[in-house]
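All of the numbers you see were taken from the coordinates with simple rules; none came from a lab. Bear in mind that the values here come from a model prediction, so they are computed numbers and not experimental data. Every residue, glycine among them, receives a Cβ derived from its backbone with ideal geometry; neighbour counts consider all protein chains shown.
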Amino acid sequence: MIENWLNTATTPMLAIDDAGIVIFFNQALVQYFNANTLQVGRPLTSAIVHPEFLRLIVNKIPQGEIHLPDFQRYLHVELSHITGLGSMVVMVDITYFKQAERLKRQVVTEVIRHLRSPMTAIMGYAELMDRIGEINAEQESFVEKIMFNINKMDRSLSELSALEARAKEATEDLQMVDMPMIVRYAVDGLMHAFEDKHHNITLQLEPCNPVNGDPIRIRQIVNNLLQNAIEYTPQYGSIEITVQEEGNTIVLTVADDGIGIAKEDQPYIFDKFYRTHTASNGDNTDGLGLSIVQHIVEQHGGRVWFESQPGQGTTFSVVLPCHEA
Ligand code: ADP
């Protein structure tokens, strides 16, 4: 009964023992992998030759993503391993999400392209303001604010389009990056901002193996998270930054006891240009900071997430793989 149900499921499933011998598979698996010769009791590798899929299985990697070029499908693979018994592998077709992601990227690239010329015009007119007649001090400070914000927006957009363009080659040219040192530099660079708001800063930086990455981009991750913590934590609030090694990864956390993020905003805060209704109107905000963080983290093979309680604070966590010796 259960076997019938598993067999008709549209989700590809597979069970193998520790020697790689097939114990169970369903029809969806055969279709996705075109594995017509797959048989219970025979090695998996006799019917499936997909290198990335086999790498996940052989190394018992709990999750991963694979591409099936023949059918233009993408699968998310989840593997549960029970020592002595073998592994159960369940896959979910994520092609739709991949396409939506690509579409979103195209839209963003177009938006960036179209924003550039009106921004240049705003900048040009703002610069001309004092040439067409005298302006008072207040007007002059407004012009300065316009120029500052347009410049900031321009920098963020350049950054974003550079990241989009480099998405594929980002893993080239990686170095050994000392995360505690990067955090220390970033905190020093923002010390005046912490002091302006009388924030209580705690650093807990454990010595750890280097991260595999681009130091400038990793510094940017830290900077953006710290700038948000400063922005969204009221005066005299506390910000705690930790770095520690866990397994083969380095974990960075930035925790604040600031305004927190409303539950209804939480699913969207990594979206480009998304700003919550409680978002600050400060000079450092444009709704791009976290999408840049997410981009860089993912390019480095890591993960970023957060936990937040409105009114109590927010903790962002970033996990990055260690440099392989
Ligand atoms: P912004 O430039 O507006 O800060 P981000 O992409 O950095 O844009 O952040 C998106 C939104 O997430 C912000 O507008 C803010 O509402 C929310 N946010 C980010 N970090 C925090 C934080 N530490 N505490 C509360 N809200 C935050």
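The residue among Gln39, Ile122, Leu252 whose Cα reaches farthest toward the positive pole of the charge dipole of the chain, with charges on the beta-carbon of Lys, Arg, Asp and Glu, is Gln39.
Computed over the chain, the per-residue total of -39500 (n - 2.57) for DSSP H runs of n ≥ 4 gives a 222 nm mean residue ellipticity of -13000 deg cm²/dmol, rounded to 500. Using bins of 10 Å that start at zero, the share of Cα-Cα pairs per bin across the stretch 201-300 amounts to 14, 44, 34, 8, in whole %.
For a quick check: sort Phe25, Phe142 by the number of other beta carbons within 10 angstrom, fewest at the front. Please list the in-between numbers first.
Numbers: Phe25 24, Phe142 14.
In increasing order of surrounding Cβ atoms, one gets Phe142, Phe25.
Taking a point 7 Å out from the Cα of His198 in the direction of its Cβ, the residues of the stretch 205-230 whose backbone N falls within less than 18 Å of it are 230.
Full extension of the chain segment joining Lys263 with Met191 gains 22.9 nm, where the gain is 0.36 nm per residue of separation less the Cα-Cα distance.
By the count of other C-beta atoms within 10 Å, a proxy for reagent exposure, His300, His198, His81 are ordered fewest to most as His198, His81, His300.
Residues of the stretch 232-247 with an amide N closer than 19 Å to a point placed 7 Å from the Cα of Met176 along the Cα-to-Cβ direction: 244-247.
The Asp70 and Asp18 beta-carbon pair, evaluated with R₀ = 30 Å, returns a calculated FRET efficiency of approximately 0.55.
Where both partners of a DSSP beta bridge lie in the stretch 108-266, what percent of those bridges are antiparallel, to the nearest 5? Mind dumping the intermediate values first?
Values: 11 of 17 bridges.
So the antiparallel bridges amount to about 65 percent of the total.
Modelled spin-label separation between Ser46 and Tyr125, with each label point placed 7 Å from Cα along the Cα-to-Cβ direction: 7.5 nm. Restricted to Cα atoms, the chain shows a radius of gyration and a Dmax of 24.7, 88 angstrom.
Based on the Cβ-Cβ distance of Phe148 and Thr10, what FRET efficiency does E = 1/(1 + (r/R0)^6) give at R0 = 45 Å, to the nearest 0.05? Each step should come with its number before you reach the end.
Values: r = 53 Å, r/R0 = 1.19.
With R0 = 45 Å, the Cβ-Cβ based efficiency is 0.25.
Each residue in His323, His192 was given a count of other beta-carbon atoms within 10 angstrom of its own, and listing them fewest first yields His192, His323.
So if I take the alpha carbon set of the stretch 1-111, get Rg, then get Rh from the Kirkwood formula, what is the Rg over Rh ratio? Taking Rg over the Kirkwood Rh, I get 1.04.
Taking the stretch 212-313, which chymotrypsin sites (Phe, Trp or Tyr not before Pro) meet the DSSP loop condition and have no more than 15 other C-beta atoms within 10 Å?
On the way: sites: Tyr232, Tyr236, Tyr268, Phe270, Phe273, Tyr274, Trp305, Phe306; in loops: Tyr232, Tyr236, Phe270, Phe273, Tyr274.
Loop-located and lightly packed - Tyr236, Phe273, Tyr274.
Using 0.36 nm per residue and subtracting the Cα-Cα separation, the extra length available between Ser158 and Gln139 on full extension is 4.0 nm. Would you mind checking the stretch 77-114 for residues with the amide N under 12 Å from a putative spin-label position 7 Å along Cα→C-beta of Phe273? Answer for the stretch 77-114: 107-114. Could you check the simple spin-label distance between Arg303 and Arg102, using points 7 Å along Cα→Cβ, in nm with one decimal? Placing both labels 7 Å beyond Cα along the Cβ direction yields 2.5 nm.
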